[in-house]
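**Student:** Encoded as structure tokens, here's the structure I'll be asking about.
The values are calculated or read from the model by the stated rules, or taken from the named source; none is laboratory data. None of these values were measured; they are calculated from a predicted model. Here the Cβ is made from the backbone with ideal geometry for all residues, glycine too, and neighbour counts use every protein chain on show. SASA here: full protein model, heavy atoms, side chains in, ligands and nucleic acids out. Shrake-Rupley method; radii C 1.70, N 1.55, O 1.52, S 1.80 Å.
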Amino acid sequence: MCDISDVLQDMKQKVCSCIDKWSEKLRMLSNDIWSCPELAYEEHKAHDRLVEFFSQDPGWKVDSHFKLPTAFRAKWAPAASQHGHVINVGFLCEYDALPGIGHACGHNLIAEVGAAAAVGLKHVLENTENLPVAVQVTVLGTPAEEDGGGKIDLMKEGAFDNMDMVFMAHPLQDDAPYLPLVAEHDVIIKYHGKASHASAYPWEGVNALDAAVLCYNNLSVLRQQMKPDWRVHGIIKHGGEKPNIIPAFTQLEYYLRAPSRAELRLLKSKAEGCFRSAADATGCRVEVEYSRNAFDNILRNKTLEGLYESNGNALGMEFTTDEEVLNNASGSTDFGNVTFVVPGIHPYFYIGSKALNHTEEYTVASGDAKAQFFTLRAAKALAMTALDVLLRPEVLQRVKEEFTEAKVKEERTLRGERTEQTGGQTQ
């Protein structure tokens with residue numbers, strides 16, 4: 001009988017070879033998405049291109065419009081299996097762009113990584129006789145990461161319910177198995193006052209711009225009492241119509257971020273005091289409108305992270321040891337919400353450039369041919385990590401146990417914060 005480690009190593013080599021064979025098709029896929037950047041929920045061409053990509057590879061069952069108009073699902077499983085529970089491995093593709101600067105976050109490469117890892121894994125599994133487990137490979141096309149949270153929409157519709165683990169990888173300036181992305185919620189604050197002539201009879205008006213300015217200043221004063229890793233940043237989107245009219249309406253938009261769901265709840269409570277006190281001081285009416293979806297922090301799975309790092313090392317990745325990078329990341333992603341319903345990882349990969357994300361320079365870098373080697377290397381590491389879990393039941397068990405323990409700990413923290421805010425009374 002063959003040693004499982006020998007079988008595993010052979011399959012890892014085959015998955016890498018398969019991804020290499022698909023490299024030109026994958027490059028074209030990425031380039032087509034990069035060349036036509038589309039905003040959240042409007043990614044029709046990127047969506048259609050990915051659907052075409054999977055539809056042309058025999059064996060995939062493709063749901064072209066899965067739950068959302070620009071989402072899709074592609075599934076592959078062997079025709080029959082004598083084993084019990086089917087282990088469902090998920091790979092995610094993002095493909096929305098940023099306003100004005102296109103794919104400055106490299107989502108074309110995220111789509112390519114997800115597609116490459118899934119295709120490589122599928123082709124190796126379907127050409128392996130006597131698989132010791134029943135397997136399904138699922139690819140989800142997840143729109144609107146930059147604005148809205150398409151993964152959360154899909155999660156609410158049950159798209160992740162039967163998955164055992166889920167993978168994606170994000171381009172950055174370094175290779176890293178994990179970065180501490182934070183919980184985030186968007187909020188719009190609207191102040192309603194009363195218009196009046198600003199020179200002739202200002203006392204007849206109720207100044208909504210004064211409320212907006214007070215709100216902005218209240219939040220600025222709050223910063224002294226904020227924890228170092230909290231973030232509050234925003235703009236005044238509407239400040240009035242003309243200087244000689246007391247503004248009857250103003251609007252601000254803010255992003256609130258904290259390291260965890262529990263801390264975000266506390267930050268929101270403090271920020272709302274700033275919103276409402278500005279209305280009280282000026283006599284305005286205030287509306288506080290949070291976006292439909294709040295982004296959660298990522299629930300870590302160190303077992304999966306360790307496997308990814310080991311496989312990445314075998315492929316020549318040099319993972320960053322820079323403490324500033326590893327400890328101070330403050331971006332957010334809707335993948336965080338996914339990690340509370342299924343174990344997953346969201347590693348980062350170098351693309352041959354030190355340009356910063358969300359800049360024009362990164363847009364150029366994400367479309368550069370130089371990024372292809374690094375992108376496919378990340379896809380190989382993801383697929384190899386999936387094989388580690390699929391072929392070793394004890395590893396899958398450890399992944400699930402760690403997921404459950406981390407989730408319970410996070411929920412206890414959340415309940416504790418809620419009790420503290422309500423004076424000892426749970427809600």
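**Student:** Please pick out the residue among 75, 45, 67 that is at pLDDT 95 or above, of a type in the set (D, E, K, R) and more than 27 Å from residue 342 (Cα to Cα). Full working, then the answer.
**Tutor:** On the way: 75 fails: more than 27 Å from residue 342 (Cα to Cα); 67 fails: more than 27 Å from residue 342 (Cα to Cα).
45 is the lone residue from the list that is at pLDDT 95 or above, of a type in the set (D, E, K, R) and more than 27 Å from residue 342 (Cα to Cα).
**Student:** Condition first: touching a residue at least 40 places away in the same chain (Cβ under 8 Å) and either among the acidic types (Asp, Glu) or assigned to a helix (DSSP H, G or I) (or both). Now tell me which residues in the range 245-272 satisfy that.
**Tutor:** Pass one, the range 245-272, residues touching a residue at least 40 places away in the same chain (Cβ under 8 Å): 245-271.
Once the filter is applied, which keeps residues that are touching a residue at least 40 places away in the same chain (Cβ under 8 Å) and either among the acidic types (Asp, Glu) or assigned to a helix (DSSP H, G or I) (or both), the range 245-272 yields 253, 261, 262, 263, 264, 265, 266, 267, 268, 269, 270, 271.
**Student:** If you check 266, 252, which single one turns out to be of a type outside the set (Val, Ile, Thr), touching a strand residue (DSSP E or B) at 6+ places or on another chain (Cβ under 6 Å) and open to solvent by less than 40 Å² (accessible area, probe 1.4 Å)?
**Tutor:** Values: 266 fails: touching a strand residue (DSSP E or B) at 6+ places or on another chain (Cβ under 6 Å).
Unique residue meeting the criteria: 252.
**Student:** Pick from 177, 171, 143: which is open to solvent by less than 10 Å² (accessible area, probe 1.4 Å) and out of contact with any His (no Cβ under 8 Å at 6 or more places or on another chain)? If you could, list the steps in order and put the result at the bottom.
**Tutor:** On the way: 177 fails: open to solvent by less than 10 Å² (accessible area, probe 1.4 Å); 143 fails: out of contact with any His (no Cβ under 8 Å at 6 or more places or on another chain).
It is 171.
**Student:** Name the single residue that is surrounded by the fewest Cβ atoms within 10 Å (Cβ to Cβ) among those in the range 270-289 being among the basic types (Lys, Arg) and under 11 Å from residue 218 (Cα atoms).
**Tutor:** Residues of the range 270-289 among the basic types (Lys, Arg): 270, 276, 285.
Remaining after also requiring under 11 Å from residue 218 (Cα atoms): 270, 276.
Details: 270: 17, 276: 15.
Out of the qualifying residues, it is 276.
**Student:** Taking residue 193 as meeting all but one of (1) open to solvent by 20 Å² or more (accessible area, probe 1.4 Å); (2) under 25 Å from residue 295 (Cα atoms); (3) touching a residue at least 12 places away in the same chain (Cβ under 8 Å); (4) among the small types (Gly, Ala, Ser), write down the number of the exception.
**Tutor:** Single failed check for residue 193: (2).
**Student:** Out of all the residues in the range 324-358, which are among the charged types (D, E, K, R) and within 11 Å of the chain's Cα centre (by Cα)?
**Tutor:** Let us first name the residues in the range 324-358 that are among the charged types (D, E, K, R), namely 324, 334, 354.
Listed by number, the list holds a single entry, 334.
**Student:** Report yes if residue 408 is aliphatic (A, V, I, L, M) and modelled with pLDDT under 95, otherwise no.
**Tutor:** Details: aliphatic (A, V, I, L, M): yes; modelled with pLDDT under 95: yes.
Spelling it out, residue 408 is indeed aliphatic (A, V, I, L, M) and modelled with pLDDT under 95.
**Student:** Scanning the range 203-212 for residues that are free of Cβ contacts under 8 Å to residues at least 60 places away in the same chain and closer than 24 Å to residue 287 by Cβ, which turns out farthest from the chain's Cα centre (by Cα)? Spell out the reasoning first.
**Tutor:** As a first pass, look at the range 203-212 and keep what is free of Cβ contacts under 8 Å to residues at least 60 places away in the same chain: 203-205, 209.
From what is left, the residues that are closer than 24 Å to residue 287 by Cβ are 204-205, 209.
Values: 204: 48, 205: 45, 209: 35 Å.
Of everything passing the filter in the range 203-212, 204 is farthest from the chain's Cα centre (by Cα).
**Student:** Hey, another quick one. Just one of 113, 135, 119 is farther than 30 Å from residue 357 by Cα, crowded, with 24+ Cβ neighbours inside 10 Å and of a type in the set (Val, Ile, Thr); which is it?
**Tutor:** On the way: 113 fails: farther than 30 Å from residue 357 by Cα; 119 fails: farther than 30 Å from residue 357 by Cα.
That would be 135, the only listed residue that is farther than 30 Å from residue 357 by Cα, crowded, with 24+ Cβ neighbours inside 10 Å and of a type in the set (Val, Ile, Thr).
**Student:** Is it true that residue 185 is in contact (Cβ under 8 Å) with a residue 60 or more places away in the chain, surrounded by fewer than 19 Cβ atoms within 10 Å (Cβ to Cβ) and in contact with a Lys or Arg (Cβ under 9 Å, 6 or more places away or on another chain)? Steps first, answer last, please.
**Tutor:** On the way: in contact (Cβ under 8 Å) with a residue 60 or more places away in the chain: yes; surrounded by fewer than 19 Cβ atoms within 10 Å (Cβ to Cβ): no; in contact with a Lys or Arg (Cβ under 9 Å, 6 or more places away or on another chain): yes.
So residue 185 does not fit the description; no.
**Student:** What residue, among those in the range 87-110 that are more than 16 Å from the chain's Cα centre (by Cα) and within 23 Å of residue 385 (Cα to Cα), is surrounded by the fewest Cβ atoms within 10 Å (Cβ to Cβ)? Spell out the reasoning first.
**Tutor:** Step one: filter the range 87-110 for residues more than 16 Å from the chain's Cα centre (by Cα), giving 87-89, 99-102.
Within this subset, residues satisfying the condition of being within 23 Å of residue 385 (Cα to Cα) are 87-89.
Details: 87: 18, 88: 20, 89: 26.
Filtering first and then ranking leaves 87.
**Student:** With the requirement that a residue be of a type in the set (A, V, I, L, M, F, W, C) and more than 22 Å from residue 167 (Cβ to Cβ), what does the range 343-368 give you? Steps first, answer last, please.
**Tutor:** Taking the range 343-368 as the starting set, the residues that turn out to be of a type in the set (A, V, I, L, M, F, W, C) are 345, 349, 351, 355-356, 364-365.
Those that are of a type in the set (A, V, I, L, M, F, W, C) and more than 22 Å from residue 167 (Cβ to Cβ): 355, 356, 364, 365.
**Student:** Then there's this: List the helices (runs of 4 or more DSSP H) that sit entirely inside the range 293-395 and contain at least 1 residues that are open to solvent by less than 10 Å² (accessible area, probe 1.4 Å). Before you say what the answer is, go through the steps one by one.
**Tutor:** Details: elements: 302-314, 323-327, 335-338, 360-366, 371-391.
The helices (runs of 4 or more DSSP H) meeting that bar are 302-314, 335-338, 360-366, 371-391.
**Student:** Of all residues in the range 63-86, which are among the β-branched types (Val, Ile, Thr) and surrounded by fewer than 20 Cβ atoms within 10 Å (Cβ to Cβ)?
**Tutor:** Taking the range 63-86 and keeping what is among the β-branched types (Val, Ile, Thr), we get 70, 86.
Answer for the range 63-86, where residues must be among the β-branched types (Val, Ile, Thr) and surrounded by fewer than 20 Cβ atoms within 10 Å (Cβ to Cβ): just 86.
**Student:** Output the residues belonging to the range 223-265 that are basic (Lys, Arg) and more than 17 Å from residue 286 (Cα to Cα).
**Tutor:** Taking the range 223-265 and keeping what is basic (Lys, Arg), we get 223, 227, 231, 237, 242, 257, 261, 265.
Listed by number, the residues that qualify are 223, 227, 231, 242, 257, 261, 265.
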